[in-house]
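Just below is one structure, and these are the notes that go with it.
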Amino acid sequence: MGPAALILGLPMLTPWRLGRLPGKATAAGPNPDPAPAREASHPASTLDRSGLRRDSGGSVRTAPYLAMNHPRPETAKSRRHGARHKEPREAPSGPRRTAPLSRAVPRADHLAAGSPAGIEYHELVPTPGEKAARIVCTDYCAEQIQIQEIEDIAAFLAVHRPTWSHVRWIHVEGLQDRGTIRALAEKYQLHPLAIEDALEGNHRPKAEDYPGTGELPGRLFVVARRVQLVDGALRGEQTSFFLGRNTLLSFQETRCRAIDEVRHRCESPRSRLRANDVSFLLYALLDTLVDRFFPILDEISIRLESSEEDVLTRPQLQSLQAIHLIKRDLVMIRRIAWPMRELIAQLQRERHECLSEITQTYFRDVYDHCVQIIDLIETYREIASAVAETYVSIISNRTSDIMKVLTIIGTIFIPLTFIAGVYGMNMYIPENQWPWTYGLFWAACLGIAGFMLWRFRKGGWF
């Protein structure tokens with residue numbers, strides 16, 4: 001084989017192909033890869049230079065390395081159980097980077113391309129080992145209230161609600177119990193698109209109207225998000241509501257203290273919740289979720305004040321890192337608070353058969369709270385940016401002061417170095433024969449240095 005053939009053949013002799021040629025061994029030893037068995041399973045096929053396998057008839061087969069790098073796309077059944085379609089990632093070629101200081105930048109969680117929209121009832125199939133959901137049903141009117149925790153969902157849905165009950169609120173904690181969700185969806189005829197949005201848990205706050213058609217009752221689907229502190233880190237979670245004429249269904253993944261507070265308010269006979277319809281209950285829940293922003297913003301303001309004090313008194317790198325974390329938290333809160341304001345404005349402005357005029361009037365108060373939250377977020381972001389700029393300015397001024405001192409020292413030693421260099425030469429110098437030369441040298445050096453220090457001081461250099 002000549003040199004030209006060797007050069008042209010180099011692209012074919014890449015390491016991965018050397019390790020997969022049957023009967024060949026790499027530099028590390030015998031090839032343990034099961035590629036020979038795969039080669040044996042296709043005796044009449046060959047690999048061409050493009051990496052494609054061609055059989056004896058000329059048809060193209062996928063090479064083994066292509067099948068490994070491109071996994072089989074997920075099916076609709078696997079997607080219904082919570083799986084997400086992810087594109088294959090290449091292995092990093094450079095050095096591995098360390099984790100960032102704070103949480104990663106949020107990314108969109110999307111389904112596989114071409115997946116059908118919505119989740120039908122028959123697709124809500126229970127999976128082995130799923131955690132049972134906690135279901136709390138609250139029936140109340142102006143005179144009495146009944147709160148019960150449901151253990152058997154089938155037996156509960158088989159019985160109609162009490163005749164005295166004007167409002168029924170069913171709250172579900174835990175979205176992994178697909179059997180319970182299917183029973184509620186079939187009972188109350190929830191729309192497949194709304195079911196999918198409720199189970200995914202990654203949507204922006206919104207309100208969608210599903211008008212009644214025939215026997216299907218009209219419902220208002222509302223998606224809200226809340227912010228909570230978990231182990232010192234902020235985390236957002238979705239809460240979904242299905243509002244009917246007399247029934248409210250709410251779904252969320254974990255337990256929320258705000259939900260318990262509203263349920264406790266329902267127990268009071270003097271509460272406005274007992275005297276109004278089910279849409280007023282939706283207002284109370286959204287108002288409580290929005291008010292949860294204020295304690296978190298108060299905590300951020302305390303952290304911001306502490307970071308500002310550290311920057312002004314003892315600026316360190318940890319101070320800048322703390323400011324960076326605060327800005328990341330503010331960005332996360334803003335991503336939730338801004339759509340919440342749009343949601344409340346939509347509920348306040350648009351009419352719906354399940355929303356009463358009294359409830360829409362009370363939504364004005366929730367909208368004012370959203371505006372106040374966004375104003376606080378923007379204010380804290382500006383303060384955090386100003387503190388970060390102050391830190392950079394302080395560090396720059398400190399560096400300038402250090403450079404100024406070094407410059408003064410270097411300037412003073414320039415004439416001293418010149419004098420020492422002249423009289424330190426290995427040659428005949430008449431002044432070196434004088435007996436007072438050594439003392440005169442030190443007197444000249446100290447005089448020059450003192451004069452330069454006096455001149456710099458007078459000029460305001462230090």
Rounded Å value of the spacing that divides the Cα centres of the stretch 340-395 and the stretch 262-319: 12 Å
Can you work out the Karplus-derived ³J(HN,Hα) for every residue in the stretch 314-325? Use 6.51 cos²θ - 1.76 cosθ + 1.60 with θ = phi - 60°, whole Hz, and x for glycine or proline. 9, x, 9, 5, 4, 5, 5, 5, 5, 5, 4, 5
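Given 0.36 nm per residue, what is the gain on full extension from residue 395 to residue 141 after removing their alpha carbon distance, in nm?
Stretched out fully, the residue 395 to residue 141 stretch lengthens by 85.0 nm.
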In the stretch 122-219, the chymotrypsin sites (Phe, Trp or Tyr not before Pro) that sit in a DSSP loop and have at most 14 other Cβ atoms within 10 Å of their own Cβ are 164
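Just flag the trypsin sites (Lys or Arg not before Pro) in the stretch 321-355 sitting in loop per DSSP whose Cβ has no more than 16 other Cβ atoms within 10 Å. Provide the component values of the computation, followed by the final result.
Numbers: sites: 327, 328, 334, 335, 341, 349, 351; in loops: 351.
When the trypsin sites (Lys or Arg not before Pro) of the stretch 321-355 are filtered for loop state and at most 16 Cβ neighbours within 10 Å, 351 remain.
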Expressed in nanometres to one decimal, the distance between label points 7 Å along Cα→Cβ at residue 446 and residue 338 is 6.9 nm
Hydrodynamic radius by Kirkwood for the stretch 142-222, inverse mean 1/r across distinct Cα pairs, in Å, is 14.7 Å
Residue 235 versus residue 386: modelled label distance in nm, points set 7 Å from Cα along the beta carbon direction: 3.5 nm
How large is the convex hull of the C-alpha atoms of the stretch 132-289 per residue, in Å³? 116 Å³
Once you order the gyration tensor axes a ≥ b ≥ c over the Cα atoms, which shape class does the stretch 404-458 get: rounded for a/c under 1.5, otherwise prolate or oblate by comparing a/b with b/c? oblate
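Read-outs: derived from the displayed coordinates by stated rules, not from any lab. Just so you know, these numbers come straight off a predicted model, no measurement behind them. Cβ coordinates were reconstructed from backbone atoms using ideal geometry, including for glycine residues, and neighbour counts include every protein chain displayed.
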